[in-house]
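A.B. asks: Have a look at the structure that comes next, please.
Read-outs throughout are calculated quantities, based only on the coordinates presented, and are distinct from any laboratory measurement. A quick note: this is a predicted structure, and the numbers were derived from the prediction, not measured. Ideal geometry is used to build each Cβ from the backbone, glycine not excepted, and the neighbour counts take in all protein chains shown.
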Amino acid sequence: MADIESAQQVLGVIPMDDSLKALAEISSWIESLIEHSDEIKFDNQVAVLGLLDEAAQPHVRRLQREYFTLQPLNKFQENRIWVALNEFFMFSEQIYSNIFSQCSKLDRSGDVGKLQLVLLASRAIAAVSSRLKLAAVRYEQIDPELWGHLSRIYLYAEKYSFLDEIVTLYPGAGINTSTRREFAGILVWHSVGTGSLTPLQIHIAERLISCLNKYLEVGRQEGEENIWAFNFLKPSGPYRANGDGTIHPGVRFFEMGGFGIGLKELIRNLTKGVVPQEVNLYGSVYDAEIISEVARQLMVRCVLKPPTRRNVRRNLKIYLQVSNGFQNLVENAEDCLNFSVTGNEVWEVEDISATGFRSVVSPALLDTLRIGTLIGSKPENVGNWGVGIVRRLSRDVQNNLQVGVEVLSNQVTGVSLNIANRSHVDKSTHLVLYLNKPNDTSGEAWFLMRPGTFLPSRSFNMQIEEKNYLLLSLGLVESGDDYDLARYRKMEQDTSAE
C-alpha cells in the first residue's frame with residue numbers, strides 16, 4: 001500500500017463477480033492504510049486511497065441496489081450486506097478524517113493540489129453521509145464524532161476557498177458535486193427525521209436530496225427561508241433556526257427557497273408518473289408513486305414550517321398490553337376484541353398524549369416492528385382496546401428501542417362487512433376493525449382491513465348495535481404491509497318497511 005504499483009497489483013486479484021467479498025478485501029486494505037499511515041508519504045496515501053475507493057464504488061452501488069429493495073431481504077442476507085457496507089464506510093470515513101486532520105495542521109495544497117483537495121473533501125463528506133444512512137436504517141444512535149469530522153472538513157474548505165469547486169464524485173457514478181453541496185445535502189437529509197421513515201424511504205430521501213442539493217445555499221445570516229442551522233462550535237447535527245435573525249460566528253444557515261422550488265417541480269413530474277433522469281438511484285427502479293410519497297414528506301419536513309403541537313404530552317408511567325399486526329389483531333378478536341391476557345406483550349409507556357404515546361422496548365423487537373406497523377394496545381385497568389400505527393423508531397444510548405405510536409382510535413371493534421350487491425349473488429364476508437370515534441358527527445366510518453379488500457367502487461353493508469348501515473367508499477387513507485386504512489360514508493338504513 002506504500003505505492004501506486006503495488007496497490008494496482010492488489011486490486012488486480014480482487015474478485016469482480018462477488019461484491020461482498022470484493023468490498024471486504026478493499027475494506028481490509030483501507031484499514032491497513034490507516035494502520036501504516038505514519039509510514040506512507042501523504043501524497044502516496046491520497047493516491048492509493050483514491051484507487052481503493054474508486055475500485056470499491058461499483059460494488060457499493062450493487063450492494064445498495066440489493067439492500068434497498070421493495071421486497072425485504074431475509075435477515076441473514078440483509079445483515080451480511082449491511083455489515084459489508086458499514087465496515088467499508090467506517091474505514092473510509094476514518095481515513096478521510098485523518099487526512100483532513102493532517103491538512104488542518106499543515107497546508108497540504110502543495111502536496112496534492114487544490115482540485116485533489118476538493119475531491120477529497122467531497123468524498124469525505126459522502127463517506128460521513130453513508131455512515132449516517134447505515135445507522136439510520138437500523139435506527140441507531142449517531143456516533144457524535146461524525147459531526148466533528150464533518151465540521152472540520154467544511155471549515156477547511158471554507159478557509160481555503162474551494163467550497164463551490166465542481167468535481168465528478170466517482171467515475172461512472174454520474175454525480176457532479178461540490179463540498180458545499182455535499183455538506184448541505186447531508187444535513188438537510190438528516191433533518192428529515194429518519195426515525196419516521198422506512199429503510200427504503202430513508203434511501204430514496206437521501207438520493208432525492210442528492211439530486212436537489214445544488215439548490216441549497218449555506219450562509220452566515222438567518223433569513224425567512226433559513227429553517228435549518230448547524231453550529232460549528234458545538235457540532236451535534238442540524239437543528240431548526242429560532243428565527244431571531246441574530247448573526248452567530250459559529251453558525252451556518254441553510255436557505256431552502258431554491259430547494260423548495262426544485263422539490264415542487266420534482267413532485268409535479270412524479271405525480272405524472274415520470275421519474276426524472278437526474279434522480280440517481282444507483283440503477284434501482286422504483287415506481288413513481290413510491291418516490292413521490294417520499295418527496296412529499298421531504299416537502300413537509302424540510303421546507304414547510306412545522307405545525308404547532310395541539311395536544312399536551314404528559315409524562316405518565318403506565319403499562320399497555322400490546323399486540324401487533326393486523327392478522328394478530330383479527331385472530332385474537334373475541335367478543336369485539338376482548339383480547340386474552342396471555343400471548344400479548346406488555347410495554348411501559350414513557351409519555352402519552354391524546355393522539356399518541358412513546359414506549360421503550362427491547363431492541364430485539366426491531367425484527368417485528370417497522371414504521372407503519374399496526375399496534376393494538378390496552379392500558380391496564382381499561383376494558384377496551386385501541387389501535388395505532390408505529391410512526392417513529394430510534395435507539396437510546398442503552399440501545400433500547402424507542403417506539404412512537406400514533407393512536408388512530410382508543411376503541412376498536414371487530415365487525416363483519418358484506419358486499420352490497422342487489423343481485424345477492426356475492427355473499428362474501430370481510431372481517432374488519434371498526435375505529436369507533438366517540439361523539440363523531442361527520443357521518444364517516446374508518447376501517448382497518450386486509451389488503452385488497454378496499455376498492456373505490458365497492459360498497460358494504462354493516463350491522464352493529466342492532467342497526468344496519470350502507471358504507472360508500474370515500475378513499476384509501478393509508479396502506480401498510482398487512483392492512484389498508486379506508487374511509488367510508490356511513491348511511492343508516494331504514495328496515496321498518498320490510
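A.B. asks: With the alpha-carbon atoms as the only input, what is the per residue convex hull volume for region 412-492 in Å³? Intermediate values should be presented prior to the final figure.
C.D. replies: Numbers: hull volume 7.8 nm³, N = 81.
Convex hull of Cα atoms, per residue: 96 Å³.
A.B. asks: Here is a follow-up. Taking the mean number of other Cβ atoms within 10 Å as a proxy for protection, how do you rank 271-277, 257-263 from highest to lowest?
C.D. replies: Packing order, densest peptide first, comes out as 257-263, 271-277.
A.B. asks: Can you tell me which of 201-212, 465-476 comes out highest on packing, and rank the rest after it, using the mean Cβ neighbours within 10 Å? Don't jump to the answer; show the numbers that get you there.
C.D. replies: Details: 201-212: 23.2, 465-476: 13.1.
Order by mean packing, descending: 201-212, 465-476.
A.B. asks: A further question follows. Taking the chain as the reference, fit the longest principal axis to its C-alpha atoms, fit the long axis of helix 199-212 to the helix C-alpha atoms, and give the angle between the two in degrees, 0 to 90, nearest 10.
C.D. replies: 50 degrees
A.B. asks: Helix-derived [θ] at 222 nm for the chain: sum -39500 (n - 2.57) over DSSP H runs of at least 4, divide by residue count, nearest 500? Don't skip to the answer; put the middle values down first.
C.D. replies: Values: 12 runs with 185 residues, N = 498.
Theoretical 222 nm ellipticity from helices: -12000 deg cm²/dmol.
A.B. asks: Please give the net charge around Val405, taking every other residue with its beta carbon less than 9 angstrom from that of Val405, where Lys and Arg add +1 and Asp and Glu add -1.
C.D. replies: Summing Lys and Arg as +1 and Asp and Glu as -1 gives +2.
A.B. asks: Could you give the radius of gyration (one decimal) and Dmax (whole number) of the Cα atoms in region 371-456, in Å?
C.D. replies: 17.0, 61
A.B. asks: For the chain, taking Cα atoms only, what is the radius of gyration to one decimal and the Dmax to the nearest whole Å?
C.D. replies: In order Rg, Dmax, the Cα atoms of the chain give 26.6, 96 Å.
A.B. asks: Given charges of +1 on the Cβ of Lys and Arg and -1 on the Cβ of Asp and Glu, with all other atoms neutral, how large is the dipole of the chain about its Cα centre, in debye to the nearest 20?
C.D. replies: 1140 debye
A.B. asks: If packing is taken as the average number of other Cβ atoms within 10 Å across a peptide's residues, how do 188-197, 289-298 rank, most packed first?
C.D. replies: 188-197, 289-298
A.B. asks: Summing +1 for each Lys or Arg and -1 for each Asp or Glu, what net charge is found among the other residues whose Cβ lies under 11 Å from the Cβ of Ala135? The partial results should precede the final answer.
C.D. replies: Values: positive: Arg131, Lys133, Arg138, Arg395; negative: Glu140, Asp143.
Taking every Cβ under 11 Å from that of Ala135, the sum is +2.
A.B. asks: How much of the calculated P(r) for region 194-247 lies past 13 Å, in percent of all Cα pairs? Please list the in-between numbers first.
C.D. replies: Values: 989 of 1431 pairs.
Of all Cα-Cα distances in region 194-247, 69 percent exceed 13 Å.
A.B. asks: I need the phi-derived Karplus couplings for region 149-158: 6.51 cos²θ - 1.76 cosθ + 1.60, θ = phi - 60°, integer Hz, Gly and Pro marked x.
C.D. replies: The phi angles translate into 4, 4, 4, 5, 5, 5, 5, 5, 5, 5 Hz.
A.B. asks: Output needed: percent of Cα pairs per 10 Å distance bin for region 180-296, bins running from 0 to the one holding the longest distance.
C.D. replies: With a bin width of 10 Å, the distribution comes to 14, 43, 30, 12, 1.
A.B. asks: Of the listed pairs Lys305/Lys437; Lys21/Lys41; Lys133/Lys264; Lys264/Lys305; Lys317/Lys378, which have alpha-carbon separations greater than 20 Å here?
C.D. replies: Lys305/Lys437; Lys21/Lys41; Lys133/Lys264
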